[in-house]
1. Among the residues of segment 188-226, count how many are under 25 Å from D45 (Cβ atoms), open to solvent by 10 Å² or more (accessible area, probe 1.4 Å) and modelled with pLDDT under 95.
2. So is I229 in contact (Cβ under 8 Å) with a residue 40 or more places away in the chain and either on the phi > 0 side of the Ramachandran plot or open to solvent by less than 20 Å² (accessible area, probe 1.4 Å) (or both) or not?
3. Looking only at segment 79-115, which residues are open to solvent by 10 Å² or more (accessible area, probe 1.4 Å), farther than 21 Å from T155 by Cβ and touching a Lys or Arg at 6+ places or on another chain (Cβ under 9 Å)?
4. Of all strands (runs of 3 or more DSSP E) completely enclosed by segment 36-121, which ones contain at least 1 residues that are closer than 17 Å to Y173 by Cβ and out of contact with any Leu (no Cβ under 8 Å at 6 or more places or on another chain)?
5. Checking I5 against (1) modelled with pLDDT of 95 or more; (2) more than 23 Å from S224 (Cβ to Cβ); (3) not basic (K, R), which test does it fail?
6. Can you tell me how many residues in segment 195-230 are part of a loop (DSSP other than H, G, I, E, B) and under 14 Å from Q103 (Cβ atoms)?
7. Can you tell me which residue within segment 117-129, out of those that are open to solvent by 10 Å² or more (accessible area, probe 1.4 Å) and touching a Phe, Trp or Tyr at 6+ places or on another chain (Cβ under 9 Å), is farthest from G88 (Cα to Cα)?
8. Mind telling me which of the residues V167, V159, V185, V147 ends up being in contact with a helix residue (DSSP H, G or I) (Cβ under 9 Å, 6 or more places away or on another chain) and open to solvent by less than 20 Å² (accessible area, probe 1.4 Å)?
Amino acid sequence: MKKLILTTAAFALSAGMALAADVVRLGTEGAYPPWNFINDAGEVDGFERELGDELCKRAELTCEWVTNEWDSIIPNLVSGNYDVIIAGMSITDERDEVIDFTQNYTQPDPSAYLAMSADVDVEGGVLAAQTGTIQASHIASTGATLVEFATPEETIAAVRNGEADAVLADKGYLAPIAEEDSELVLLEKTEMLGGGVGMGVRESDAELKAKFDTAIQSMKDDGSLNELIKKWDIGETF
């Protein structure tokens, strides 16, 4: 799914082992439906909430949810503010230099363009993306002009107010927005970016990573992960 770029994140001099604690803290953004969002009751909800709860159950871990802004989500994992990132984070070589990833729990999600017109120039125009995402990195490598925003909502607003010609984000995020707003057009052109989405853990937490790897694999094996992917319309199943 989404998300890439790291400016260098400082490693914590000593990151406590997550499994030494009574509670494993799951960090998410809470602002990227249907992957993760805050519901009307003020609680974390979405595909990753349901997935994370089930993975903790299978791994026999007591877990709690923590929200964190996207642009500091990796540094705050490394510094020990929480123990796991479960926030639609694509597995990339750049990130893997700073943290470790479990196996992927979703396939790579197509990235799509949302614009006010079907004939927008995505090759040389002005394209919006959320800061620190694989979409932002992709745009920066092309001939288009990149404008970055802190939240996904701001990228959509930039298209609506003419600040950007289009936004590039996960198709699973953009498609419902296009369906609800007749003035917005989801372009046919897509980009396949990243290596699927996984849970991020500190490099020192190999035992925790192994527990979640086992839990993810068990959900793949019994088909329950595919059922969740279909329920939340996340993308391709395994």
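The values are calculated or read from the model by the stated rules, or taken from the named source; none is laboratory data. Predicted model, so just to flag it, every value in this text is computed and none were measured. A quick note on method: Cβ atoms are made from the backbone with ideal geometry, for glycine too, and the neighbour counts reach across all protein chains shown. Protein only, heavy atoms only, side chains kept; ligands, DNA and RNA dropped before computing areas. Shrake-Rupley method; radii C 1.70, N 1.55, O 1.52, S 1.80 Å.
1. Going through segment 188-226 one residue at a time, the tally reaches 1.
2. Yes; evaluated as a whole, the condition is true for this residue.
3. Scanning segment 79-115 gives G80, N81, D100, F101, Q103.
4. Ranges flagged: 36-38, 110-115.
5. Of everything listed in (1) modelled with pLDDT of 95 or more; (2) more than 23 Å from S224 (Cβ to Cβ); (3) not basic (K, R), I5 misses just condition (1).
6. The total comes to 4.
7. Result: V120.
8. After ruling out the rest, the residue left standing is V167.
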